[in-house]
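We did not get these values from a lab; they are worked out from the coordinates using the rules stated. Quick caveat, the model's predicted, so the values are computed rather than measured. Reconstructed Cβ throughout: ideal geometry from the backbone, glycine too, with neighbour counts over all protein chains shown.
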Amino acid sequence: MASRRAAALLALAILALLTSFEAGGGVWCAFASKATDAGDTFATAADWKGPTTSARTIGRAEGTAAGFVRPGGTYNVYAQAADTGNPASGIASVAANVSTITSGQTAAGLSSGSFSFGGVSYNRRTATALTVSSGLANGTYEYTLKLTDSAGNAVTETGYTVTVDGTAPTAADIQTTNKSGGTAGLPELGDKVVFTFSEPPEPGSILSEWSGASTSVVVHIDDNAAASGNDLLTVFNATNKTQLALGSVDLGRKDYVGASRTFGASGTASTMVLSGSAITVTLGTQSGVGTTAASTGTMVWSPSTTAADRAGNAMSATARSETGSADKDF
């Protein structure tokens, strides 16, 4: 009896459901087979992320200091680029918008290869050197990079800057420092000569391929060789064959050496190092017996116009006298 009652209730429920479906305009469907369309496909892209750079810079075509250019000078854009997709589709193009620096240059292409600038390695560089717009005012200018991969993902990186500098550097000061325990007025091993520029110089303009790190040099003090008749100091490369672009220093007296001497040609080498705007030269072993200056004097530094700043502006030839009170140098 209970089973009959349950069956009757089920039948009534099905009838109610059918009645409700028809009242709502529903349609019952039955499928005998499936239909397919060749265009109905779904797939995921292998590379959703665009390329990026881990390093980039602008460098003068003839220099080694990164991030500085001068009006009318030439430069290249460098980048270390990588496609970060997983798996990566590969980099299709890298272009620089440097129109703030070079008029109209909105998409300068960077070719792939192996490059080095300022001690940093890059895998992209502009195919040809670009020219800074003439008359561009001193200041900081922004440029951008656009990177596109083979999957069509494009990334534009912004906020990169370069300094435009059209001002010639000048000689700011020339000083000497007597070594601890040394004799004032006597040039000897360990004494220092400090050349201070108005701004940091381009080290490679002083000595070819020099980075500014400590390097061996040879110092000359020539007896009565200055135009004034005073002793004259100059600096040569480690082989003692080529004078460096530090100009010359009139030592302000005639008695720092009794005869022309070298320092560092043999024995302990003289050294030269760049720190900020100053180049410090430390005297090496003297080639002969020295003399001690009898009194004070004022040195005068006559710079070399072969030297340049980081933007490539040639050094002013204007001479600079030693600042401070007259003293016994060295």
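Details
- Remark: the ALA55-LYS192 segment gains 45.6 nm on full extension, using 0.36 nm per residue and subtracting the alpha carbon distance.
- Here LYS241, LYS146, LYS192 are placed in order of increasing Cβ neighbour count within 10 Å, fewest first, which gives LYS241, LYS192, LYS146.
- Applied to region 70-78, the Karplus parametrisation 6.51 cos²θ - 1.76 cosθ + 1.60 on θ = phi - 60° returns per-residue 3J(HN,Hα) values of 10, x, x, x, 10, 7, 10, 9, 10 Hz, with x for Gly and Pro.
- Overall form of region 51-164 per C-alpha gyration tensor (a/c, 1.5; a/b vs b/c): prolate
- Put a plus charge on the Cβ of each Lys and Arg, a minus charge on the Cβ of each Asp and Glu, and nothing anywhere else: the dipole of region 168-330 about its Cα centre is then about 180 debye.
- A Förster radius of 30 Å, combined with the Cβ-Cβ distance separating THR163 from ALA82, puts the computed FRET efficiency at roughly 0.65.
- Bridgeable aspartates and glutamates around LYS192 (alpha carbons under 13 Å apart, same-chain partners fewer than 8 residues away excluded): ASP329.
- Least to most buried among LEU283, LEU251 (fewest other Cβ within 10 Å first): LEU283, LEU251
- Distance between the pseudo-spin-label points of THR242 and GLU209 (7 Å out from Cα toward the beta carbon): 1.0 nm.
- Region 168-330: proportion of alpha-carbon pairs further apart than 23 angstrom, %: 31
- Point-charge dipole on Cβ atoms (K/R +1, D/E -1) for the chain, about Cα centre, debye to 20: 940
- For the peptides 207-214, 133-140, 262-269, residues were scored by their other Cβ atoms within 10 Å and the scores averaged per peptide; the highest-first order is 262-269, 207-214, 133-140.
- Which of TYR75, TYR143 has the fewest Cβ neighbours within 10 Å, and the rest in rising order: TYR143, TYR75
- With Cα atoms, 0 to 90° folded angle of helix 2-23 axis to the chain main axis: 70
- TRP301 sits among other residues whose Cβ lies under 13 Å from its own Cβ, and their net charge, with Lys and Arg +1 and Asp and Glu -1, is -3.
- In summary, the lysines within cross-link reach of LYS49, defined as a Cα separation below 27 angstrom excluding same-chain residues under 8 places away, comprise LYS146.
- Global geometry of the chain, whether rounded, prolate or oblate, following the gyration tensor of its Cα atoms and the 1.5 cut on a/c: prolate
- Note on LYS328: aspartates and glutamates with a C-alpha under 15 Å away, same-chain residues under 8 apart excluded, are GLU188, ASP191, ASP231, ASP250, ASP255.
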